[in-house]
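Right, one structure below, let's go through it.
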Amino acid sequence: MNEEMKTGFQELGLRKELQRAVEDMGFVEPTDIQAQAIPLIRRGRDVIGRSQTGTGKTMAFAIPAVEMINTRESTVQVIIMCPTRELALQCGEEIRRLTRFTPGIRPVEVYGGAPMDRQITRLKRANIVIGTPGRIMDHLRRRTLRLDHIRLAVLDEADEMLSMGFKEDMETILRETPENRQTVLFSATMPPSIMAITEEFQREPQLVETAGKQITLDNIVQQYVEVPMGRKTDALKLLLYYYEPSLCMVFCNTKKMADELTEELKKSGFNAEALHGDLKQSQRTAVMDKFRYGSTSVLVATDVAARGIDVSDVEYVFNYDIPQNNEYYVHRIGRTGRIGKDGTSVTICSGRRQVSELRGIVRELKCTVTEIPVPTGEQIRSRSSEKYAEQVQTVLNGQLHTESYQLVEMLLSEGYSLYDIAAAALQMNFSEQEIQIADIRQERRQFGKDGQVDYSRIVLDIGRSSHAAPNHLVASITERSILHGADIGKIEIYDDYSVVSVPTAAVDEVVDQMYGAKVCGRPVKTRIFEEKSRPSRQNGQRRQQTARQDRSRKPSGRGYAGKNTGLHRSQRRKGV
């Protein structure tokens with residue numbers, strides 16, 4: 001690449017109107033993809049741009065596209081295909097910002113879920129059309145869009161359009177354009193299907209690309225937490241409580257999970273909204289407007305739905321589910337750390353397998369991910385107190401109102417101390433948020449390695465009437481606590497409750513960790529069973545029951561014996 005291209009946009013020789021717009025947008029130097037692609041497109045060459053999201057590729061094709069528009073002609077001269085409505089809207093908005101000082105440029109976005117009649121009206125005057133392949137095809141069939149004057153065709157995120165099933169539509173649209181048109185294609189990957197399109201529709205294309213390591217990761221701190229199975233949602237809530245991001249995104253792999261997680265976050269008081277492909281266009285627009293302007297602080301999204309989202313102030317990205325591939329990982333964390341700002345990504349892993357998958361992704365990307373602990377309730381409260389103290393200090397260092405002093409004097413005259421007045425004022429303004437989530441223990445220890453364990457019993461208010469089984473209870477306890485399955489002793493299941501033996505050394509901690517737990521999809525309450533003057537028994541020393549007793553009484557509930565109990569499943573279970 002010519003070194004002159006890297007010295008700034010002025011060296012590209014932009015028109016003064018475009019140069020002024022670029023400066024107003026805060027751009028000083030072109031990115032690698034812009035510096036390579038703009039001169040080639042200007043010279044009329046077909047281009048293949050291999051580039052991830054966040055590298056400035058929209059400007060790479062938008063600048064030469066605007067420059068080639070003949071504003072005296074009332075025809076569509078540039079067609080830009082995008083995989084999603086969000087990306088089409090984002091691209092249209094970028095072109096409008098770029099041409100704010102350039103009269104005669106009339107971009108129009110066309111996409112599904114929006115009124116067709118409005119699009120038809122606007123298309124009559126358009127000279128740049130940005131849209132999804134499906135809706136472009138709709139207008140071609142209605143003859144409300146003609147492509148016989150197209151000079152430049154752009155396929156943005158071509159690999160994503162192919163994965164969404166737009167291959168035939170893309171090919172049909174390109175065949176409707178003149179053969180001498182210029183074709184520019186941008187794609188994060190180059191599978192055989194992409195190469196087939198370039199061979200059929202491009203003439204001697206020039207390849208430009210950016211190094212994966214330099215894409216959007218330089219300003220992003222990459223972290224992960226490892227939590228037990230079933231505690232991912234709790235971990236996310238604790239992270240949100242601790243960091244209190246003004247804007248953040250949470251990525252899930254499925255629409256169902258995005259909806260369920262959003263509801264859980266709302267129940268805990270977070271301003272969360274879901275964004276996925278099942279939403280109507282009006283709903284998606286409303287969700288994005290809320291997020292863009294800050295009334296929604298947490299956006300829970302799927303990968304495809306989040307394509308094209310460019311909100312510069314996203315502080316954190318949380319991967320609730322492990323990304324399906326490297327490209328999705330880069331796309332996700334690239335939502336933060338934009339335009340030179342710093343950002344942080346946190347991936348929530350459940351089990352060593354998911355940790356291994358994440359490390360494999362970052363290893364291929366040649367970047368670093370660091371493990372961090374999940375914040376505890378005590379740490380969250382301490383951090384909040386520090387933040388409140390900083391806010392109070394800011395007020396104290398500023399100008400205090402006379403009315404405030406008068407109010408203090410009045411309260412002092414009533415007999416209250418300055419200490420009590422200050423504490424009351426802080427309590428009114430900084431009421432401590434109640435965090436009803438048990439801390440997540442990330443270190444487990446094995447009990448009973450020497451074979452001698454004292455057991456205590458805990459009671460869970462769920463039993464046979466809710467279809468509870470021993471494996472359900474063991475899974476719930478081990479997912480949330482420091483115990484292994486082998487640590488759990490005798491389990492007794494009755495109609496409306498169950499009794500589980502756990503190591504006495506861990507019983508208080510287990511009860512605490514089981515706060516908010518679910519068994520068989522139902523919330524359960526857990527307490528320590530009151531042992532009324534019964535002698536404690538060590539492992540393998542429980543009272544033996546005679547064969548005569550077994551024959552004379554039927555068991556009152558189902559049971560399970562863990563590794564350390566010394567009991568057989570067929571033995572009678574005593575009631576509580």
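Among the residues of segment 219-245, which ones are among the hydroxyl-bearing types (Ser, Thr, Tyr), open to solvent by 20 Å² or more (accessible area, probe 1.4 Å) and within 18 Å of Ile333 (Cβ to Cβ)?
Within segment 219-245, just Tyr243 meets the criteria.
Being outside any strand (DSSP E or B) and surrounded by 22 or more Cβ atoms within 10 Å (Cβ to Cβ) is the filter here, so list the residues in segment 268-283 that pass it.
His276
I'd like the residue in segment 200-215 that is at pLDDT 85 or above and part of a helix (DSSP H, G or I) and, out of all such residues, is most open to solvent (accessible area, probe 1.4 Å).
Glu200
Every residue, every condition in (1) out of contact with any Asp or Glu (no Cβ under 6 Å at 6 or more places or on another chain); (2) modelled with pLDDT of 90 or more; (3) of a type in the set (S, T, N, Q), yes or no:
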| site | (1), (2), (3) |
| --- | --- |
| Pro30 | yes, no, no |
| Thr53 | yes, no, yes |
| Met68 | yes, yes, no |
| Ile79 | yes, yes, no |
| Gly104 | yes, yes, no |
| Met116 | yes, yes, no |
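Going by the structure shown, is Arg50 free of Cβ contacts under 8 Å to residues at least 40 places away in the same chain and open to solvent by 20 Å² or more (accessible area, probe 1.4 Å)?
When the stated conditions are applied, Arg50 does not pass them.
Do any strands (runs of 3 or more DSSP E) lying entirely in segment 476-529 carry at least 1 residues that are surrounded by fewer than 16 Cβ atoms within 10 Å (Cβ to Cβ) and either in contact with a Ser or Thr (Cβ under 9 Å, 6 or more places away or on another chain) or of a type in the set (D, E, K, R) (or both), and which ones are they?
Once the strands (runs of 3 or more DSSP E) in segment 476-529 are filtered for at least 1 residues that are surrounded by fewer than 16 Cβ atoms within 10 Å (Cβ to Cβ) and either in contact with a Ser or Thr (Cβ under 9 Å, 6 or more places away or on another chain) or of a type in the set (D, E, K, R) (or both), what remains is 526-528.
Where residues in segment 284-326 are buried (at least 18 other Cβ atoms within 10 Å of the Cβ) and aromatic (Phe, Trp, Tyr), which of them is farthest from Lys232 (Cα to Cα)?
Among them, the one singled out is Phe291.
Residue by residue, here is whether (1) among the polar types (S, T, N, Q); (2) outside any loop (DSSP other than H, G, I, E, B); (3) open to solvent by less than 10 Å² (accessible area, probe 1.4 Å) holds:
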site: Tyr328; (1), (2), (3): no, yes, no
site: Ser345; (1), (2), (3): yes, yes, yes
site: Ile361; (1), (2), (3): no, yes, no
site: Thr368; (1), (2), (3): yes, no, no
site: Val374; (1), (2), (3): no, no, yes
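Among the listed residues Ala286, Ala305, identify the single one that is modelled with pLDDT under 95, in a loop (DSSP other than H, G, I, E, B) and among the small types (Gly, Ala, Ser).
From the options Ala286, Ala305, the qualifying one is Ala305.
Of the residues that sit in segment 216-267 and are assigned to a loop (DSSP other than H, G, I, E, B) and within 14 Å of the chain's Cα centre (by Cα), which one is nearest to Ser385 (Cα to Cα)?
Among them, the one singled out is Pro245.
Taking strands (runs of 3 or more DSSP E) that fall entirely within segment 97-199, which contain at least 1 residues that are touching a helix residue (DSSP H, G or I) at 6+ places or on another chain (Cβ under 9 Å) and open to solvent by 10 Å² or more (accessible area, probe 1.4 Å)?
Correct list: 107-110, 182-187.
Just to verify a result, which residue in segment 83-93, among those that are open to solvent by 20 Å² or more (accessible area, probe 1.4 Å) and charged (D, E, K, R), is nearest to the chain's Cα centre (by Cα)?
Going through the qualifying residues, I end up with Arg85.
For Phe61, are the conditions met, namely being of a type in the set (Phe, Trp, Tyr) and in contact with a strand residue (DSSP E or B) (Cβ under 7 Å, 6 or more places away or on another chain)?
For Phe61, the condition - of a type in the set (Phe, Trp, Tyr) and in contact with a strand residue (DSSP E or B) (Cβ under 7 Å, 6 or more places away or on another chain) - is met.
From the list Ser312, Ser295, pick out the single residue that is part of a loop (DSSP other than H, G, I, E, B), touching a residue at least 12 places away in the same chain (Cβ under 8 Å), over 17 Å from Leu87 (Cα atoms) and small (Gly, Ala, Ser).
Result: Ser295 is the single residue among Ser312, Ser295 that is part of a loop (DSSP other than H, G, I, E, B), touching a residue at least 12 places away in the same chain (Cβ under 8 Å), over 17 Å from Leu87 (Cα atoms) and small (Gly, Ala, Ser).
Quick one: which residue in Arg352, Arg338 is closer than 22 Å to Thr302 by Cα, open to solvent by 10 Å² or more (accessible area, probe 1.4 Å), of a type in the set (Lys, Arg) and modelled with pLDDT under 80?
Checking each option against the conditions leaves just Arg338.
The values are calculated or read from the model by the stated rules, or taken from the named source; none is laboratory data. Since the structure is predicted, the reported quantities are computational estimates derived from the model, not experimental observations. Here Cβ is always computed from backbone atoms with ideal geometry, including for glycine, and neighbour counts include all displayed protein chains. To get the accessible areas, we keep the full protein, side chains included, count just its heavy atoms, and leave off ligands, DNA and RNA. Shrake-Rupley method; radii C 1.70, N 1.55, O 1.52, S 1.80 Å.
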